[in-house]
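Notes to accompany the following structure.
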Amino acid sequence: MSITAIKERRAANRASNEDDPALAKSKVAKFFGRLALVIVILITLFPIYWMFRTAFSNNRAMFSEPLSLLPVDFTWGPLKRVLGLATTQEALAEGGSGASINFAQYMLNSILACTLITVLQVTFSAMAAYAFALLNWKGRDKVFSIFLIALMVPGIFTLLPNFILVKDLGLLNSIVGIALPSMFMTPFAIFFLRQFFLGINRSIIEAAVIDGANQWRIFRGIVVPLAWPQIITLAILQFIQYWNDYLWPFLVGQTEQSKLLTVGLGIFKSQTPQGNPDWAGLMAGALVAAVPIFILMLVFGRKIVGSIQSSGVK
């Protein structure tokens, strides 16, 4: 077939497609679908952009142009106040509170607490999920159903009992006290891993039993390697959750050695001599605190989505 004939056929196909009402409706639907997607993305990203805008604004001048889409009187001052690089005079000059923040200590405390919670919680939850998914024992499914009721209990209901327990144990104002209520297991973590464990080929487990492997060896040598992507995903999700937690760390950790970053950033919410909170410093602190989470999501985002899909309810 000659090139001219091919071009004529393509032109005829385009002409017939343009006359097809169904195809025209499909194009219109795609256009509005993409437009709606763009609008949703812009609405979702706008608060993040506004955080950047506020973080680089002069807190004293910011309210003179509240609707400005660009930083008002651009300055690095808020970031300097967060990192402890600004003097009291410089902070007050830009509308800051002049209060100091031990950012490095708070960051270290958050890393220690979140790592402790994540490692122990994922380890114990994986063991429990293995017992609920691959071990046969009387009443297993009924016990699991009762256990899942905990998913419907709001966390605020357990706040006071946990606080009393930590206080009686003498663990107030300590990293261990902050981590204690969450460091063993959670219903969500067990449910998440159990759904994947149920899909493991049981013939592999049966072959290991025939070879004389005990349950601990099967769990450590077979199940954990097969579920390693899901375990890593769960660890990342739990780390992010506890990194952003505020209320419980605020109640339990009030000293410099136990205060987490989310609590420490509250310094910028305190009143300045002019009577206005240091919103620019607060947004700069939130921006810096979000950097580790942003890096985690950037590196492991695809793994998280894929693992959640493969661990869905069957």
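The values are calculated or read from the model by the stated rules, or taken from the named source; none is laboratory data. Keep in mind that this is a model prediction, so the values were computed, not measured. Neighbour counts are summed over all protein chains in view; Cβ atoms, including those assigned to glycine, are modelled from backbone coordinates with ideal geometry.
Residues that are in a loop (DSSP other than H, G, I, E, B), in contact with a Phe, Trp or Tyr (Cβ under 8 Å, 6 or more places away or on another chain) and modelled with pLDDT of 80 or more within the range 66-88 comprise Pro71, Phe74, Thr75, Trp76, Leu83, listed in sequence order. For the range 67-79, the tally of residues that are surrounded by fewer than 11 Cβ atoms within 10 Å (Cβ to Cβ) and either within 22 Å of Leu92 (Cβ to Cβ) or in contact with a Lys or Arg (Cβ under 8 Å, 6 or more places away or on another chain) (or both) stands at 2. Taking the range 88-110 as the range and being surrounded by fewer than 22 Cβ atoms within 10 Å (Cβ to Cβ), of a type outside the set (Val, Ile, Thr) and either under 18 Å from Gln254 (Cβ atoms) or more than 30 Å from the chain's Cα centre (by Cα) (or both) as the test, the residues that pass are Gln89, Glu90, Leu92, Ala93, Gly98, Ala99, Ser100, Asn102, Phe103, Gln105, Met107, Leu108. Sub-8 Å Cβ pairs linking a first residue in the range 25-52 that is surrounded by 11 or more Cβ atoms within 10 Å (Cβ to Cβ) to a second residue that is in a helix (DSSP H, G or I) and small (Gly, Ala, Ser), at least 6 apart or interchain, are Met51/Ala286, ordered by first then second residue.
Scanning the range 154-190 for residues that are of a type in the set (Phe, Trp, Tyr) and without any contact (Cβ under 8 Å) to a residue 60 or more places away in the chain, which turns out nearest to Met127 (Cα to Cα)?
Keep residues of the range 154-190 that are of a type in the set (Phe, Trp, Tyr), which gives 157, 163, 184, 188.
With the extra rule that they be without any contact (Cβ under 8 Å) to a residue 60 or more places away in the chain, the set shrinks to 157, 188.
Working: Phe157: 26, Phe188: 14 Å.
So the residue we want is Phe188.
When the range 47-65 is filtered for residues that are part of a helix (DSSP H, G or I), of a type in the set (Phe, Trp, Tyr) and closer than 15 Å to Leu287 by Cβ, the ones remaining, listed by number, are Tyr49, Trp50, Phe52. Evaluating Tyr130 against the criteria (1) among the aromatic types (Phe, Trp, Tyr); (2) outside the structural domain of Val176 (by TED's automatic domain parsing); (3) outside any loop (DSSP other than H, G, I, E, B) leaves one unmet condition, (2).
Of these, Asn173, Asn244, which one is under 22 Å from Met107 (Cα atoms), at pLDDT below 90 and not aliphatic (A, V, I, L, M)?
Asn244
Residues of the range 135-151 that are in contact with a helix residue (DSSP H, G or I) (Cβ under 9 Å, 6 or more places away or on another chain) and under 21 Å from Arg202 (Cα atoms): Leu135, Trp137, Arg140, Asp141, Phe144. Taken over the range 42-82, the residue count meeting the criterion of being farther than 16 Å from Ala289 by Cα and in contact with an Asp or Glu (Cβ under 8 Å, 6 or more places away or on another chain) is 9.
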